[in-house]
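My questions all concern the structure below.
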Amino acid sequence: MIAFCTYRPAPFGSRIQSSIRLRGRDFNFVALHFVADAKARLAYETIRNLTCRLGQLDKLLAFTYQPFGPEKDVDGWSFYDPMREWRRMGVGAGAGKAWRISAINTEYEVLHQ
């Protein structure tokens with residue numbers, strides 16, 4: 001949920017390290033400092049390429065990520081039941097409610113025009 005990413009190269013001749021500053025959509029801030037400017041630039045380019053719309057939406061990490069290691073063996077959807085969670089919050093819980101549950105785009109398809 002990165003809202004903004006800034007790369008700050010080390011000023012020439014200074015002892016200040018290169019850094020990447022990330023601001024989340026929830027206004028959390030993270031600063032990453034690097035001893036080597038080349039590694040900072042590579043990390044910034046990687047973050048940008050995986051999180052910013054470069055070309056097509058379906059090229060973003062959210063659409064291409066494949067779990068590995070222990071994460072691959074866990075089915076995260078088995079722990080979370082959205083229908084139960086929504087009922088707990090009162091969504092779709094009777095006639096006259098402002099919110100209702102929909103099955104639109106349940107396959108999370110990306111439509112190309």
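State all residues of the range 79-103 that are under 22 Å from the mean Cα position of the chain (by Cα) and either at pLDDT below 70 or closer than 25 Å to D58 by Cα (or both); if no residue qualifies, say none.
Within the range 79-103, Y80, P82 qualify.
Restricting to the range 24-44, and then to whatever is surrounded by 13 or more Cβ atoms within 10 Å (Cβ to Cβ) and among the small types (G, A, S), can you tell me which residue is farthest from G13 (Cα to Cα)?
Among them, the one singled out is A43.
Working only within the range 40-74, note down all residues that are more than 17 Å from the chain's Cα centre (by Cα) and β-branched (V, I, T).
Across the range 40-74, the qualifying residue is only V74.
Given the conditions (1) loosely packed, with under 12 Cβ neighbours inside 10 Å; (2) closer than 30 Å to H112 by Cα, and given that I47 satisfies all but one, which numbered condition is not satisfied?
If we test I47 against (1) loosely packed, with under 12 Cβ neighbours inside 10 Å; (2) closer than 30 Å to H112 by Cα, just (1) comes out false.
The values are calculated or read from the model by the stated rules, or taken from the named source; none is laboratory data. For clarity, every value in this text was computed on a predicted model and none was experimentally measured. Positions of Cβ are generated from backbone atoms using ideal geometry, with glycine treated the same way; all protein chains shown enter the neighbour counts.
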